[in-house]
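Participant: To start, I am sharing the structure in question, which I have written as structure tokens.
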Amino acid sequence: MSLATKAFAGFDIDDRHVRIVVTDSSVVTEATATARTALDSWLDIVSLTRADSELQRLNRSFGRTVRVSPALAEQVRHALTAAALTAGAVDPLRTPGTDTYCGIEIDGLSVRLPGWSTVDLDATALAVVVERIAATIARRFACGALVSVSGANSTDTDIAVAGPEPVRGWQISVIDGSAERLVPIASGTTMVTTTGTTTATVAASSPVVAAALSRAAAAGTDA
């Protein structure tokens, strides 16, 4: 990643590497703390590795209708939007049967999963929170902000940029076939890179759209 910016910082959280870049070096410490707090709160809601996360409690509901927080309900809806957008190729439902995402019922804050199914919201939830963190940093500190989150053992990366752009703009390194090249990304954009059958990078103003199309394309599925 090549960025013409003033300051950056990084940290690891729950096997994810986070990179924060801001155009005002005086706020990098506070911006990083803002990102860490937001990501920690997000993981408390949707993590599959934190046994006490709200998502894990939903996954232990065994077909019962349960009331969830507004934050989790929103993320479930984002996942269903991505599933519909990709004709089920990006499916949050994990089930021993043949049910698809259509089996998830949500009414306000009430959610019911079919049978013994569980859900995994990683495909879309991370892109949404990364976009929000970048926007929050840009607004709170009146600067340009880039937030990048990747898996510790994965090339999958979710990036969002917001606020005033640096002099040369945001330049992101992406894989194009067997080569690597720099591409510009405008503020207000989320870029998601997923490696599966192939490596797919998609940028969009909607983090849900970027995530859904990237995941589907990487799996070799036309959305």
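Participant: Name the pairs whose Cβ atoms lie under 6 Å apart, with the first residue in the range 117-135 and more than 18 Å from V76 (Cβ to Cβ) and hydrophobic (A, V, I, L, M, F, W, C), the second open to solvent by 10 Å² or more (accessible area, probe 1.4 Å) and in a helix (DSSP H, G or I), and 6 or more positions between them or separate chains?
Facilitator: As it stands, the answer is I133/A38, since those pairs meet every condition given.
Participant: Something else about it: Looking only at residues that are among the small types (G, A, S) and in a helix (DSSP H, G or I) in the range 27-47, which one is nearest to R67 (Cα to Cα)?
Facilitator: Taking the range 27-47 first, the residues among the small types (G, A, S) are 31, 33, 35, 38, 41, 47.
Within this subset, residues satisfying the condition of being in a helix (DSSP H, G or I) are 31, 33, 35, 38, 41.
Values: A31: 33, A33: 31, A35: 28, A38: 23, S41: 19 Å.
Only one residue tops the list, namely S41.
Participant: Taking the options A203, A217, A210, name whichever one is assigned to a helix (DSSP H, G or I), among the hydrophobic types (A, V, I, L, M, F, W, C) and either closer than 20 Å to I45 by Cα or open to solvent by 10 Å² or more (accessible area, probe 1.4 Å) (or both).
Facilitator: Values: A203 fails: assigned to a helix (DSSP H, G or I); A210 fails: either closer than 20 Å to I45 by Cα or open to solvent by 10 Å² or more (accessible area, probe 1.4 Å) (or both).
Every option except A217 fails the conditions.
Participant: Tell me, which residue of the range 70-115 that is among the hydrophobic types (A, V, I, L, M, F, W, C), open to solvent by less than 60 Å² (accessible area, probe 1.4 Å) and assigned to a helix (DSSP H, G or I) is nearest to S47 (Cα to Cα)? Quick ask: steps written out before the conclusion?
Facilitator: Narrowing the range 70-115 to residues among the hydrophobic types (A, V, I, L, M, F, W, C): 71-73, 76, 79-80, 82-85, 87, 89-90, 93, 102, 104, 106, 109, 111, 113.
So of that shortlist, the ones also open to solvent by less than 60 Å² (accessible area, probe 1.4 Å) come out as 71-73, 76, 79-80, 82-83, 89-90, 93, 104, 106, 109, 111, 113.
Subsequent filtering for residues that are assigned to a helix (DSSP H, G or I) retains 71-73, 76, 79-80, 82-83.
Details: A71: 13, L72: 11, A73: 14, V76: 13, A79: 14, L80: 17, A82: 18, A83: 19 Å.
Top of the filtered list is L72.
Participant: Only residues that are open to solvent by less than 10 Å² (accessible area, probe 1.4 Å) and among the hydroxyl-bearing types (S, T, Y): list them for the range 116-147, please.
Facilitator: S117, T124
Participant: Separate question: Run R50 past the list (1) crowded, with 16+ Cβ neighbours inside 10 Å; (2) under 22 Å from R16 (Cα atoms); (3) touching a helix residue (DSSP H, G or I) at 6+ places or on another chain (Cβ under 8 Å); (4) not hydroxyl-bearing (S, T, Y) and report the number of the one that doesn't hold.
Facilitator: (1)
Participant: In this structure, does I175 turn out to be touching a Phe, Trp or Tyr at 6+ places or on another chain (Cβ under 6 Å) and either at pLDDT below 95 or surrounded by fewer than 23 Cβ atoms within 10 Å (Cβ to Cβ) (or both)?
Facilitator: no
Participant: How about the range 17-47: which of its residues are touching a residue at least 40 places away in the same chain (Cβ under 8 Å) and surrounded by fewer than 17 Cβ atoms within 10 Å (Cβ to Cβ)?
Facilitator: Within the range 17-47, H17, E30 qualify.
The values are calculated or read from the model by the stated rules, or taken from the named source; none is laboratory data. This is a predicted model, so every value here is computed, not measured. Don't worry about glycine lacking a Cβ; one is built from the backbone with ideal geometry, like all the others, and counts go over all protein chains shown. Just the protein is used for accessible areas: all its heavy atoms, side chains included, with ligands, DNA and RNA removed. Shrake-Rupley method; radii C 1.70, N 1.55, O 1.52, S 1.80 Å.
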